[in-house]
Amino acid sequence: MRGGEKCLEIFCQMFPESPVHTLFYEKEKISPAIQRHPIRASFLQFFPGISAHYRNYLPFFPLAVESFRLKNCELVISTSHCVAKSIRKPAGAFHLCYCFTPMRYAWEFFDEYFGDKNPFSKRLIRGLIPFLKKWDQDTSARVDRFVAISKHVQRRIWNYYQREAEVIYPPVDTDFYTPDAATAPEDFYLIVSALVPYKKVNLAVRAFGRMKKRLVVIGEGPKKKDYEKTAGPWVQFLGRQTDAVIRDHYRRARALIFPGEEDFGIVPVEAQACGRPVIAYAAGGALETVKDHKTGLFFSEQTEASLIDAVSAFERRAWDPAEARANAISFGKERFKKEMETCLEKILSGRSRAR
């Protein structure tokens, strides 16, 4: 599961009787904990190829979330990186948005999302962006309380919505992602990522080809075939893997490579939980989860040269697995549940006093 689904799984445990509303989903790719809940999808569920080609349907997302009609509830929790925060709540209900980020493709990452479209499609989509921005800002008023996944996202929420937000970091399963004293690091580096443009996996593929160092890439996505064509013999693509296989690779890798700018980035924390250091681009959530020169190193530019310099610096020193593990523990699942329960208790007790 991706980080967003892992957060949803915790909310499902906290509210075992509540239905889940989503734009679309693939049943075989969601966990049993989520499947136990009634799942109500929008009309997008019936669009052809929606899961594989969802970006083609992004202009329809606002219509899809507006189509939901929630009833008989006092609390609405949205987990939002696009349009979920814009759902209409019933009269009298309280809406808490756990915000992964404001709408990426409207505010910051247009080229990363649509750069490979033909010129006509790009012009058409770009023409919609001002309307999407206005809709996104206007519907932010439907949220009663924002909670951000990082300080990085907290700043975006203020910049785009002029709304304050508490920060509660996402849950990382530090009971599952653990070191293994019997497993020694091997001579390869690791990427665990969706293979989409803004993750910058192609940057690492080119850099490791130049260095002639082994890189293992775990993940699927629309750019996989393109990356495989440009990769040399030093890069191995394993596709989608189970959590157990991913954990095994975390434990055996020299370090995790994290070349994209992420809102939080759960993968670097999982790697650290397994005792492995991280080499990350110095932006976004990684600045909050990786301790420079203690649990990893940063590179300052998204260029091959900058990443190559960071790898060279990384290999000139020793790293303490215990320090990486200790840092990751502070992002555990129980901590998330406790902080979220405290947040919700304050909200609900405040509403009770107001009645």
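The values are calculated or read from the model by the stated rules, or taken from the named source; none is laboratory data. Because the structure is a prediction, the values reported are computed rather than measured. Backbone-built Cβ (ideal geometry, glycine too); neighbour counts: all protein chains shown.
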When region 166-177 is checked residue by residue, the ones that are in contact with a Gly (Cβ under 8 Å, 6 or more places away or on another chain) and not acidic (Asp, Glu) are 170, 171, 172, 174
Could you say which residue among 253, 207 is out of contact with any Phe, Trp or Tyr (no Cβ under 9 Å at 6 or more places or on another chain) and either more than 23 Å from residue 31 (Cβ to Cβ) or of a type in the set (A, V, I, L, M) (or both)?
-> 207
Exactly one of 51, 42 is out of contact with any strand residue (DSSP E or B) (no Cβ under 7 Å at 6 or more places or on another chain), surrounded by fewer than 17 Cβ atoms within 10 Å (Cβ to Cβ) and assigned by TED's automatic domain parsing to the domain that holds residue 165, and that residue is 51
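If the requirement is being modelled with pLDDT under 95, among the aromatic types (Phe, Trp, Tyr) and either surrounded by fewer than 19 Cβ atoms within 10 Å (Cβ to Cβ) or not in a strand (DSSP E or B) (or both), which of these qualifies: 169, 177, 198? First the steps, then the outcome.
Values: 169 fails: modelled with pLDDT under 95; 177 fails: modelled with pLDDT under 95.
Result of the check over 169, 177, 198: 198.
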Quick one: what pairs do we get from region 242-267, first residue at positive phi, second among the hydroxyl-bearing types (Ser, Thr, Tyr), C-beta under 9 Å, 6+ apart or different chains?
-> 265/150; 265/289
What number of residues within region 100-138 are touching a residue at least 60 places away in the same chain (Cβ under 8 Å), in a helix (DSSP H, G or I) and closer than 12 Å to residue 85 by Cβ?
-> 1
Would you pick out the residues in region 278-299 that are within 15 Å of the chain's Cα centre (by Cα) and assigned to a loop (DSSP other than H, G, I, E, B)?
-> 283, 284, 285
Take residue 237 and decide whether it is surrounded by 15 or more Cβ atoms within 10 Å (Cβ to Cβ) and in a loop (DSSP other than H, G, I, E, B).
-> no
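Residues in region 101-120: is at least one closer than 21 Å to residue 337 by Cα, under 15 Å from the mean Cα position of the chain (by Cα) and surrounded by 15 or more Cβ atoms within 10 Å (Cβ to Cβ)?
Yes: region 101-120 contains one or more residues that are closer than 21 Å to residue 337 by Cα, under 15 Å from the mean Cα position of the chain (by Cα) and surrounded by 15 or more Cβ atoms within 10 Å (Cβ to Cβ).
Can you go through 85, 29, 71 and tell me which one is touching a helix residue (DSSP H, G or I) at 6+ places or on another chain (Cβ under 9 Å) and either in the same structural domain as residue 221 (by TED's automatic domain parsing) or under 23 Å from residue 345 (Cα atoms) (or both)?
Numbers: 29 fails: either in the same structural domain as residue 221 (by TED's automatic domain parsing) or under 23 Å from residue 345 (Cα atoms) (or both); 71 fails: touching a helix residue (DSSP H, G or I) at 6+ places or on another chain (Cβ under 9 Å).
None of the other options fit; the residue is 85.
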